[in-house]
Amino acid sequence: MLPPMRLPERGRATGEVLEALEDLRAGDVDWRSGRAFTLAYNAGPEVLELAREAYGRFSSENALNVDAFPSLRKLQADVIGMLAELLHGGPEAAGFMTTGGTESLLMAVLAARERGRAERGVTAPEVVLPTSAHAAFEKAAHYFGVRSVRVPVRDDWRADAEAMAAAVSPNTVLLVASAPQYPQGVIDPVSAVAAVAEQAGVPCHVDACMGGMTLPFLERLGEPVPAWDFRVPGVSSISVDLHKYGYTAKGASVILHRTKALRRFQTFQTDNWLGGLYASSGVLGTKSGGAIAAAWAVLHHLGEEGYLRLVRSARETCLKIAAAIRALPGAVLLAEPDATLLAFRFEDADPFAVGDALRKRGWYLDRQAPPPSLHATVNAVHAGVADAFLRDLAAAAGEVRDAAARGERGAYGTLE
């Protein structure tokens, strides 16, 4: 076992430190070249550089207090305004930026709990959600003392609105749908789930962390997209990750509420200490302005035209990969992708072993279960590497099939 790192007695030169950092990431997956189908998103070097530059300029500004940094108030308000318009939120829509999808989902559950407590006196809150809904909802339930009521999905992997309706109780404070859900990449029947929520008098949150920056543009490109945003009655809040298909720097997500009145249930404030009034909109207190500035910069740089181009590229590449998987002997596509995510397994090979074989070839895909399968989040960078990936996928599957190998299950997220 290596001894623990100690603070050096004398500082190291800038160049030496940066060289050490480069050495440390030498074994990381090369996401800039499109070798990762998860975790990182790339719209090209120009966008990456803009996000890096904007982030650096505002990295030390602190969004805890925008009275001191009115630039951050303006940047966040602009980002929220653009997203509200994109999702048909109307003039009353309001929200906050968060540090990622997990924090956005945490805030959705917290707001629902607080609303249920304030308006209905619920003391044992429950959230009803399909088994496909993101794991961060479990984290939220664990953190905030909310019972997670998971409902099996239909045979097509979509939420079962009727089964969810049957699971609603007087303690229910929130229903959840996804657009799309992560594991199989399909869009839940948001209208049906939201109707159940409206009938029960509880909020409905749509997790569009994956689809919030693709589905609006797919619709404008003429793709058939089922109703999922604020045009659906009963939808009370939506989460969108900008650091995914918005191609901004990491640490940028948005949670939007239908009205300012609903948004207030997310916030926290206290003066129960000797330091005066403390208020915050999310989990963090101190929050770097870097991700906020990078999001603002990239949204302005790409604009509608840029996102249409990027979404078209990602969608076409996703369909190309899906078609090749359908044609690959032994491979099974779990569902036709509704957006830009897909999952697949093998009838005659261990998918995790195929994942191992792909990793040796420099590719990184998520591994998930049940059922055991590989998952690809296809984005703009993959247009140029899809053919190479498909060749290596076929070779990896054949190698695993011949050797009857077993692979490591892996994980969506890990502990350090």
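List of remarks:
- Of 65, 379, 272, the one that fluctuates the most in a GNM where the chain has Cα springs shorter than 10 Å: 272
- Span from the the range 176-219 Cα centroid across to the the range 7-32 one, whole angstrom: 42
- In order along the range 74-91, the Karplus-derived 3J(HN,Hα) couplings, from 6.51 cos²θ - 1.76 cosθ + 1.60 at θ = phi - 60°, round to 5, 4, 5, 4, 5, 4, 4, x, 5, 5, 4, 5, 4, 9, 6, x, x, x Hz, and Gly and Pro are given as x.
- The chain - mean residue ellipticity at 222 nm from DSSP helices (-39,500 (n - 2.57) per run, n ≥ 4, rounded to 500): -12500 deg cm²/dmol
- Efficiency of FRET from Cβ geometry, residue 16 and residue 219, R₀ 45 Å, rounded to 0.05: 0.30
- Taking θ as phi - 60° and the Karplus parameters 6.51, -1.76 and 1.60, the scalar couplings of the range 324-340 work out to 5, 5, 4, 7, 7, x, x, 7, 10, 6, 5, 7, 5, x, 7, 9, 10 Hz in sequence order, x denoting glycine and proline.
- Placing dummy labels 7 Å off each Cα toward the beta-carbon, the span from residue 24 to residue 68 is 2.7 nm.
- Net length gained if the chain between residue 46 and residue 347 were fully extended (0.36 nm per residue, minus Cα distance): 104.2 nm
- If R0 is 45 Å, the Cβ-Cβ spacing of residue 267 and residue 336 corresponds to a FRET efficiency of close to 0.65.
- Using θ = phi - 60° in the Karplus curve 6.51 cos²θ - 1.76 cosθ + 1.60, the 3J(HN,Hα) couplings for the range 164-176 round to 5, 4, 5, 8, 5, 9, x, 8, 5, 10, 6, 10, 10 Hz; x is entered for Gly and Pro.
- Residues whose amide H comes within less than 5 Å of that of residue 100, counting only those at least five positions distant or on another chain, are 253 (H built at 1.01 Å from N in the peptide plane).
- Remark: the chain projects, on average over all directions, an area of 23.3 nm² (convex hull of Cα atoms).
- 11 Å beta-carbon shell around residue 380, net charge (K/R +1, D/E -1): +2
- Links that overshoot a 32 Å alpha carbon limit, given the list 74/320; 139/320; 139/260; 260/320: 74/320; 139/320; 260/320
- The spacing between the range 234-288 and the range 59-101, judged by their C-alpha centroids, is 9 Å.
Read-outs throughout are calculated quantities, based only on the coordinates presented, and are distinct from any laboratory measurement. It should be emphasised that the depicted structure is a prediction, and the values quoted were computed from it without experimental measurement. When we count neighbours, we look across all protein chains shown, and the Cβ atoms used for this are built from the backbone with ideal geometry, even at glycine.
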